[in-house]
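One structure below.
The numbers here are math on the coordinates, done by the rules we state, and not lab data. A quick note: this is a predicted structure, and the numbers were derived from the prediction, not measured. FYI the Cβ positions are ideal-geometry reconstructions off the backbone, even for glycines, and counts take in every protein chain you see.
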Amino acid sequence: MGTRAREILGIDPAQLIEELNKAFADEWLAYYQYWVGARVVTGPMRGAVEAELNQHAADELRHAEILARRIIQLGGEPLLSPDQWSSATNCGYESPTDPDVSVILEQNVKGERCAIDTYSRLLKLVEAKDPVTYGMVLSILQDEIEHEDDLESLLRDLETARKK
Ligand code: FE
Ligand code: FE
Ligand code: MG
């Protein structure tokens, strides 16, 4: 990070880097949970659900890239080993051991709600202190809000299909 950029930062970069790395761990775990979930999912509407899970996986990977770039720009280092993800994560990981479509969707909804909480908290942390991270986190939060909505819609569609 350049000299002036460092001067306008109203927050301790080390604290910010740590928070961003925790979110970075969340994104990789979310990516994999979606990716592997899309591969194993079974049940009604499988095609539609698989497509949505794949899209979300791509979004989470993109979020990881955005976070890594900002961490490096702040003079930090993104977590270098997957071993670190499970201790750094805010939102954890749920293995899709039951491939049922509703179970997988519920697991992912839970993850999205945690992501929304995490990024809302992060927004408040950097508000008026780091406009660059603020804008970045806001755009990620918008995606997570859309993700939760997409999954809830699929769960409602499944419910409707089951009643017929
Ligand atoms: Fe994400
Ligand atoms: Fe998401
Ligand atoms: Mg979607």
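Dipole magnitude for the stretch 17-163: computed about the Cα centre from +1 point charges on Lys and Arg Cβ and -1 point charges on Asp and Glu Cβ, it is near 80 debye. Derived scalar couplings between HN and Hα for the stretch 61-74 equal 5, 5, 4, 4, 5, 4, 5, 4, 5, 5, 4, 5, 4, 7 Hz in order, rounded to whole Hz, by the Karplus curve 6.51 cos²θ - 1.76 cosθ + 1.60 (θ = phi - 60°), x for Gly and Pro.
Enumerate the lysines that Lys22 could reach by cross-link, defined here as Cα to Cα under 21 Å, with residues fewer than 8 away along the same chain left out. Qualifying lysines at Cα under 21 Å: Lys110, Lys124, Lys129.
Residue-wise HN-Hα couplings along the stretch 45-52, as the Karplus relation 6.51 cos²θ - 1.76 cosθ + 1.60 with θ = phi - 60° gives them from phi, are 6, 4, x, 5, 5, 4, 4, 5 Hz; Gly and Pro carry x.
Taking a ≥ b ≥ c as the square roots of the Cα gyration tensor eigenvalues, with a/c under 1.5 meaning rounded and otherwise prolate when a/b beats b/c, else oblate, which class fits the stretch 54-94?
Cα axes put the stretch 54-94 in the oblate bin.
Coupling constants for the stretch 151-164 follow from the phi torsions by the Karplus curve (6.51 cos²θ - 1.76 cosθ + 1.60, θ = phi - 60°), and in residue order they are 5, 5, 4, 4, 5, 5, 4, 5, 4, 4, 4, 6, 6, 6 Hz; glycine and proline get x. Just the number, please: Stokes-Einstein D of the chain in µm²/s, Kirkwood Rh from C-alpha pairs, 25 °C, 0.890 mPa s. The estimated diffusion coefficient comes to 148 µm²/s.
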